[in-house]
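Remarks on the structure that follows.
The values are calculated or read from the model by the stated rules, or taken from the named source; none is laboratory data. Quick caveat: nothing in here was measured; it's all calculated off a predicted structure. Heads up, the Cβs are rebuilt from the backbone with ideal geometry, glycines too, and the neighbour counts pull from every protein chain shown. We work out accessible area using only protein heavy atoms, side chains counted, and drop any ligands, DNA or RNA first. Shrake-Rupley method; radii C 1.70, N 1.55, O 1.52, S 1.80 Å.
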Amino acid sequence: MSQNSAPRASRGRPKRSAEDTEQMRAGIRQAARDLFASEGYEGVSMRKLATQAGCAPAAIYAYFPNKRAILHLVWEEIFLDLADIMARTAAGHADPLDRLEALGRTMIRFWLDRPDDFRAIFLIEDRLQSVDDVYFARTSTSLSGIDQIHEAAAEAVALGTVHPADAERITHMIITAITGTALNLITIPEFDWGDAETLAADMVSTLIRGMRAG
C-alpha cells in the first residue's frame, strides 16, 4: 500500500460506550416499571419494552437476556430504596421494640407512597424458567431492609422482652402483616378503610404491643 493512501474507514456500527450502554439499560428499566404498572407483567413483551425505551426490538437482547432479568433488576432497585430508608429509621431507635415499630411504620409508608412498586413486587410471581433458575428472594443482595427487622427482633429476643422468642417468626409476622395491610389499602381503594395513615399506624403498634413479653 502506498504511504500516501488514506486509511480505510472501519465498517459496521461504532461500539457502544459504557455510558451509552448504561443509559439504554436505564431507559429499558424505566420502560419496564411504567409498562408493568399500567399493563401488568404478562401483558408486556420484550418488543413492547424495546419500543417504549426507543430500542430496536432485536437489540434489547444485547442489554437483557429476557423479561425476567429486567423484572429482577426493577425489584433490586426498589428494595435498595427501601433498604436505605429502613437503615436510617433503625439508626434512630436504640430500643429494639421501639425500632421494630418504627421499622414497621416506615415499611408500610414506603409501599403506600409507591403503590406501583408494591404491585411490581407483590403482584408479579417470580416464575422459574429452567432447572438452573433461582428465586430472586434467595439471591438478592438488596433485602437488608428486611434484615433490619430481623436484627431488631433478635435483639428483643436476646433481652427477653418479646414473645414468641423466635426472631424468624417475629420477622415473618411483621412482614406479612405489613404487606397484607398495604395490599388491601392499595388494591381495594373502593372499600372505606377510614384514614389509611391511622389504620397502618394502629396495625403496627397493636402488633408490636401484642409481642411484648410479660
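Kirkwood radius for the stretch 162-214, taken over all pairs of different Cα atoms as the inverse mean of 1/r, rounds to 12.1 Å.
Kirkwood Rh, the stretch 47-153, all Cα pairs: how many Å? After inverting the pairwise mean of 1/r, the radius is 15.7 Å. Distant-in-sequence amide contacts of H163, defined by a placed amide H-H separation under 5 Å and a gap of 5 or more residues or a different chain, comprise R212, A213. Full extension of the chain between D166 and D132 gives 9.0 nm of extra length, using 0.36 nm per residue less the Cα-Cα distance.
Compared with the dominant Cα axis of the chain, that is its longest principal axis, helix 144-159 is turned about 30°. Every Cα-Cα pair in the stretch 41-80 was counted, and those over 16 Å apart are 34% of them.
At the listed q of 0.16 Å⁻¹, the Debye profile of the stretch 104-163, built from one uniform point per Cα, gives log10 I(q)/I(0) equal to -0.75. Spin-label model, A26 to I188: label points 7 Å out along the Cα-to-beta-carbon direction sit 4.0 nm apart. Coordinate range of the alpha-carbon atoms in the stretch 81-208 per principal axis, descending: 44, 42, 26 Å. Where the alpha-carbon atoms of the chain are placed on the principal axes, they occupy 94, 42, 35 Å, in descending order. Of the peptides 123-133, 157-167, 67-77, the order by per-residue mean of other Cβ atoms within 10 Å, starting with the highest, comes out as 67-77, 157-167, 123-133.
Here the stretch 120-164 has 52 percent of its accessible surface on carbon and sulfur atoms, given a 1.4 Å probe and all protein chains in place.
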